[in-house]
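Presented below is the structure to which this report refers.
The values are calculated or read from the model by the stated rules, or taken from the named source; none is laboratory data. Please read all numbers here as calculations on a predicted model, not as lab measurements. FYI the Cβ positions are ideal-geometry reconstructions off the backbone, even for glycines, and counts take in every protein chain you see. In case anyone asks, the SASA skips ligands and DNA or RNA and just uses the protein heavy atoms, side chains included. Shrake-Rupley method; radii C 1.70, N 1.55, O 1.52, S 1.80 Å.
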Amino acid sequence: MANRLVDEKSPYLLQHAENPVEWHPFSDEAFEKARKADIPVFLSIGYSTCHWCHVMNRESFSDPEVGEALSGRFIAVKVDREERPDVDRIAMTACQLMTGSGGWPLTLVLTPDKRPFFAGTYIPKEPRYGSAGLLQILDRIWELWRERREDAESLGRRVEEAVQSYLAGGEIQVAEGVVQQEENPVDAAYTALLKSYDREYGGFGEGMKFPSPHLITFLLRHGGIAGVPEATEMALATLHAMRRGGINDQVGGGFHRYTTDRQWKIPHYEKMATDQALLLHAFSEGYAVCEDILLKEEALRIVSYIRTDLTSPEGLFYTAEDAESGGEEGGFYLWSKDEIRSLFDEEEGEEAANLLLGNATERDKLPLSLTSETDDSSWLLRVRERLAEARMSRPRPFRDEKILLDVNGKIIGALARAGFLLDEPDLVHTAEMAYSKLQLIIGKSEGTLFHSMINGSITSPPYLTDYADLIAASIELHQGTQKAEYLLFAIGYTESAIRHFYNADSGWFWFEAEDTTLYRTRDAEDSAGPSGNAVMLHNLLLLNRITGNPAFREIADSMMSRLQPAFLRHPNAYIHSISSYHHLSPAAIDVVSVGKSGIFDDAIRSSGNLLATHLHFSHELEQFIEQMPKILTYQIDTDEPAAYPCRQGGCLPPVMDPDEIRNLLHSAFHHTSE
């Protein structure tokens, strides 16, 4: 019999609609019901492509015994973390503060006034490895609630205060003197990455490996600005290690969420659209720096995966693909040597099996890796195409078809950036088409943004990341096309974000636009990708550089000043924010071109300078002088092409020759110590 989730639109909530648990969606009604019944709330948070969420669903939530254990003693509430990231941020912070770790599925028990007093992640139904099972835990929590209510409520108040303090900008204190502090946040960040870099296998840390593309783009910029070859080498080595590894779907393209090992071999098989966008940025910028064709080819494989498997009929982008297929984690991606051999003639089959599975035994079924490089890229392409054809007979992983605005912003921005850097105009066109579709949706809501849309219906309001990533996409589209409309959209959305999210007292942006059912929080620390505040900081600095609007720089300066102590104490948590300091370096050259359009585009693209910006002056911009005061200087009535390069602190003489602009930008952003 269906529960209250049957009327929801979220794929994750619908996966639980037939559970023998009386689930409620997250709402004031659910907590009011708990208050009237004087019982706690059992809050379970996950997402549709989460492997361990599926495991807990099969083991516990599909079991009538668990339904009975919850019934009458708890109000059970389900949350899709992708649909309600505000609730997830608070719950995850509570779990991390209470247990020292976190993850999904996320399990909390709260008082009716929303104060958590128990937290955990995946919990098996029965006791395992010396740990209590879910049924035992529910009994213990119920006993605590009945007999020592004041203890639960006291703990709930303390946790709530700690979570509110931390998410509103407070810091968790660490012992003094554990880490030698640097005076410069960029130096502190680079030092931290040097210490955690895995010199044998690439990446960071010595356990499970996340791609963390924002760390790679930081290193590429630092290598170019400071002339530190080792920074560039760390970034490029990590890109190549991931390209060859099992984290990369060697058949269909696209990257898995992370690997469980240090060598990038054994992935957690879920594929997230966000990761594809960030990695497309990283591979494209890696190619721009060194022109290694293997990096360009991998960037284009990511694009192919996005287009083939993550694109909706309307041209927008889905959220993720599951780790499971046919009831087996990774089943879609596992191969034996015999399976590979059977698809080719004897000699070619042996060569393909050895290349992709190396020294695997005959019994092994494993994800594929490139165990060596091959000089014959056309042969490798044919092998991949044959494997892809054979794989079509397997059950496909479930795909979450939510349309998330921040995810779509990330992909659009990555496509525009890649299209420009790789000189692939069709990528920019794909980005423009998706952006146009978003504008139609936003226009129907009188310009109001959204966060989540399912089957054409908007299911949740916008958060900071939705604005930040759409602004970043607008900037990338402007840089890739020089169409004024994208720059105007970026300015307008930035002004709106400032109105709705900016906290002038603290100097940073709230995650939520207004008070929610819980409370407003700060999104400043990076996780697997950049934080909303980090993306906004880059947006503000870029818009100031491109338009000359001082208001954007004032807010950026305030953010950097207020957050700098945190940058210095915990640089690993703020890498993308710290990367914003690169915009203040001499390598960050802003080019304004006049005259015939397109003359300097190739020179800027091929310079390898990842920090250069470009504004082509056209007379249509004159009506926007208030938003772009910079153009006052360039109201020149001429068809003769010229470029005006400027950097922090002053401008250089105008340049007429595209090669001269290329050389100027290249020399300012160098990857050697010479």
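Could you check how many percent of all C-alpha pairs in segment 12-107 are farther apart than 15 Å? Of all Cα-Cα distances in segment 12-107, 61 percent exceed 15 Å. Using Cα centres only, tell me the gap between segment 397-428 and segment 277-312 in whole Å. The distance from the Cα centre of segment 397-428 to that of segment 277-312 comes to 10 Å.
Proximity of backbone amide H atoms, modeled 1.01 Å from N, is registered between Thr521 and Phe511, Glu512 at under 5 Å, excluding neighbours fewer than 5 places apart on the same chain.
Ratio of Rg to Rh for the chain: 0.98 [Cα atoms; Kirkwood radius as inverse mean 1/r over pairs].
Within the accessible area of the chain, the carbon and sulfur atoms contribute 49%, probe 1.4 Å, all protein chains present. Helix 28-37 against the longest principal axis of the chain: what's the angle in degrees, Cα atoms only, rounded to the nearest 10? Taking the Cα atoms of the chain, the angle to 28-37 is about 20 degrees.
Under a no-solvent Debye model with one identical scatterer per Cα of segment 574-653, what's log10 I(q)/I(0) at q = 0.14, 0.21, 0.24 Å⁻¹? So the normalised log intensities are -0.53, -1.04, -1.21.
With protein chains left intact and a 1.4 Å probe, residues in the chain average 40 Å² of accessible area per residue. Basic side chains Lys and Arg get +1 at the Cβ, acidic Asp and Glu get -1 at the Cβ, and with that the dipole of segment 501-622 about its Cα centre reaches some 360 debye. Across q = 0.12 Å⁻¹, segment 105-263 modelled as identical point scatterers on its alpha-carbon atoms has Debye log10 I(q)/I(0) values of -0.84, in the order of the q list. Computed with every protein chain present, the accessible area of Phe344 is close to 40 Å² [probe 1.4 Å]. Annotation: aspartates and glutamates with alpha-carbon distance below 19 angstrom to Lys437 (same-chain offsets under eight excluded): Asp309, Glu314, Glu401, Asp406, Asp426, Glu446, Asp466, Asp469, Glu476, Glu485.
Using a cutoff of 8 angstrom between alpha carbon atoms and counting only pairs six or more residues apart, the relative contact order for segment 115-173 works out to 36 percent. Sorting the segments 531-541, 14-24, 408-418, 356-366 by their residues' average number of neighbouring beta-carbon atoms within 10 angstrom, most packed first, yields 408-418, 531-541, 14-24, 356-366. In summary, the convex hull built on the alpha carbon positions of segment 348-410 has an orientation-averaged projected area of 6.9 nm². Convex hull volume of the C-alpha atoms in segment 435-537, normalised per residue: 125 Å³. Dividing the mean sequence gap of close Cα pairs (under 8 Å, 6+ apart) by how many residues segment 87-131 holds gives a relative contact order of 31 percent.
When +1 charges are put on Lys and Arg Cβ atoms and -1 charges on Asp and Glu Cβ atoms, the dipole computed for the chain relative to its Cα centre reaches about 1280 debye. Of all lysines in the structure, the ones whose alpha carbon falls short of 18 Å from that of Lys125, not counting any fewer than 8 places away in one chain, are Lys78. Relative to its residue count, segment 76-169 spans a Cα convex hull of 108 Å³ per residue. Restricting attention to segment 262-418, the count of lysine pairs at 8 or more positions apart or across chains with alpha carbons under 17 Å apart stands at 6.
Protection proxy ranking, highest mean first, for peptides 556-564, 184-192: 184-192, 556-564, where packing is the per-residue count of other beta-carbon atoms within 10 Å, averaged. Taking 0.36 nm per residue of sequence separation and removing the Cα-Cα distance, the Glu620/Ala390 pair yields an extension gain of 77.4 nm.
The Rg/Rh ratio for segment 284-426 is 1.00, where Rg is the radius of gyration of the alpha carbons and Rh is the Kirkwood radius.
With the convex hull drawn over the C-alpha atoms of segment 231-282, the volume per residue is 75 Å³. Pairs of alpha-carbon atoms within less than 8 angstrom and 6+ residues apart define the contacts here; what relative contact order does segment 462-588 have, in percent? Rounded, it is 23 percent for segment 462-588.
Per-residue ellipticity at 222 nm, computed for the chain from helices alone with -39500 (n - 2.57) per DSSP H run of at least four residues, works out to -15000 deg cm²/dmol.
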